[in-house]
Amino acid sequence: MVEITREKFERVGPNIEESQAIVRPSMTYWQDAWRRLKMNKVAMASLVFLILLGIMAIIGPYMLPYKYSDQNLMMTNKPPSAEHWFGTDYLGRDLFVRTWMGARISLTIGIAAALLDGIIGVIYGGISGYFGGQVDNVMMRIVDILYGIPYLILVILLMLVMGPGIVTIITAMVITGWVGMARLVRGQVLQLKEQEFVLAAKTLGASPVRIILKHLIPNTLGPIIVSITFDVPAAIFTEAFLSYIGLGVQPPLASWGTLANDATNVLLMYPYQLFFPAFFISMTMLSFNLLGDGLRDALDPRLRK
């Protein structure tokens, strides 16, 4: 319990806010990070946009009485109207429904790939940084080899083996996408493993697995969260690019990349068909990057007051 001396009480006087500040315990690291994130208006606006985008990705395909694969050749290439809010494409499919179905697929691929990259990279980098020496040298050379594999060639090979689809895209992203996270975590662990709390855990007989999972990785969560936040838009853009060139999601499924690919064929006559997928790709990537910048500032312990 915090004790208020008579001198402090007389100094505070009738100022209730200052007296509460004396009694109130200090905030935790995560509470302070959330407080500073809320002060960043741009990051909070980006977070709100991403939340609304996620909600629309869930409910958007059901807001109109059409399915993403329904075709109506009597309603081809219609502009936005009260019946078709985003218009229709060259097969008469409703673009509003297909845009939000594309948001669902693109966000699922981006978030799943980023999380899997994070999990693999954290474990791999934590082991490499903790043991160091020859183990670290061998593991980092493996990372260098994977980092040098051309990504597009890997995707094409997986398409031949597994066939095109969502699982193939995520697999291709994960095979080489975790190396950046591994390098980040390795560097953090190399700095932390000589700290007093790690030496105390070793002295008490804690196993390497427990030290890595319970002591080292939790103290690197800030950079890990920021890195994952930046990985999500990169994965979304990669999926959109692959779908745009025909190596990603296959019809009749819709992603923002396939919608953009379909729209480029009729761009000069019906530019609205490209506007919506391009707008959401751009805004999603911008929002994730702005949120990542805000999280980086909020989670930086050097900025704590």
Q. Heavy-atom accessible area per residue, the chain, 1.4 Å probe: how many Å²?
A. 55 Å²
Q) Among 157-166, 99-108, 199-208, how do they line up from the highest to the lowest mean number of other beta-carbon atoms within 10 Å? A) 99-108, 157-166, 199-208
Q: Compute the relative contact order of the range 125-193 as a whole-number percentage, counting only Cα pairs closer than 8 Å that sit 6 or more residues apart in sequence.
A: 57 percent
Q. How many percent of the accessible area of the chain is carbon or sulfur, using a 1.4 Å probe?
A. 67 percent
Q) Taking 0.36 nm per intervening residue step and subtracting the Cα-Cα distance, what contour gain separates VAL138 from ILE119 on full extension? A) 4.8 nm
Q: Using percent of Cα pairs over 25 Å apart as the read-out, say which of [x] 49; [y] 61; [z] 57 was calculated from these coordinates.
A: [y]
Q. What length, rounded to one decimal in nm, is gained on full extension from GLU196 through to TYR62, with 0.36 nm per residue of separation minus their alpha-carbon distance?
A. 42.7 nm
**Q.** Contour minus Cα-Cα distance for ASP300 and LEU267 (0.36 nm per residue)
**A.** 7.4 nm
Q: Using only Cα atoms, tell me the angle between helix 95-131 and the longest principal axis of the chain; keep it within 0 to 90° and round to the nearest 10.
A: 40 degrees
Q) Relative to the longest principal Cα axis of the chain, at what angle does helix 221-244 sit, 0 to 90 degrees, rounded to 10? A) 10 degrees
Q) Mean residue ellipticity at 222 nm from the helices of the chain, using -39,500 (n - 2.57) per DSSP H segment of n ≥ 4 over the full residue count, to the nearest 500 deg cm²/dmol? A) -22000 deg cm²/dmol
Q. How high is the FRET efficiency between ARG210 and TYR151 when r is their beta carbon distance and R₀ equals 30 Å, given to the nearest 0.05?
A. 0.25
Q: Please label the shape of the range 136-245 as rounded, prolate or oblate, based on the square roots a ≥ b ≥ c of the eigenvalues of the alpha-carbon gyration tensor (a/c under 1.5 means rounded; beyond that, a/b larger than b/c means prolate, else oblate).
A: prolate
Q: Please work out the Cα center distance from the range 84-114 to the range 199-266, rounded to the nearest Å.
A: 21 Å
Q) Using Cα atoms only, what is the angle between the long axis of helix 272-299 and the major principal axis of the chain, expressed in degrees (0 to 90) to the nearest 10? A) 10 degrees
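The values are calculated or read from the model by the stated rules, or taken from the named source; none is laboratory data. Small disclaimer: the values here were computed from a predicted structure and weren't measured. Counting neighbours? That spans all protein chains shown, and the Cβs are built from the backbone with ideal geometry, glycine included. Ligands, DNA and RNA are stripped out before the accessible areas are found, and what is left, the full protein with its side chains, is counted by its heavy atoms. Shrake-Rupley method; radii C 1.70, N 1.55, O 1.52, S 1.80 Å.
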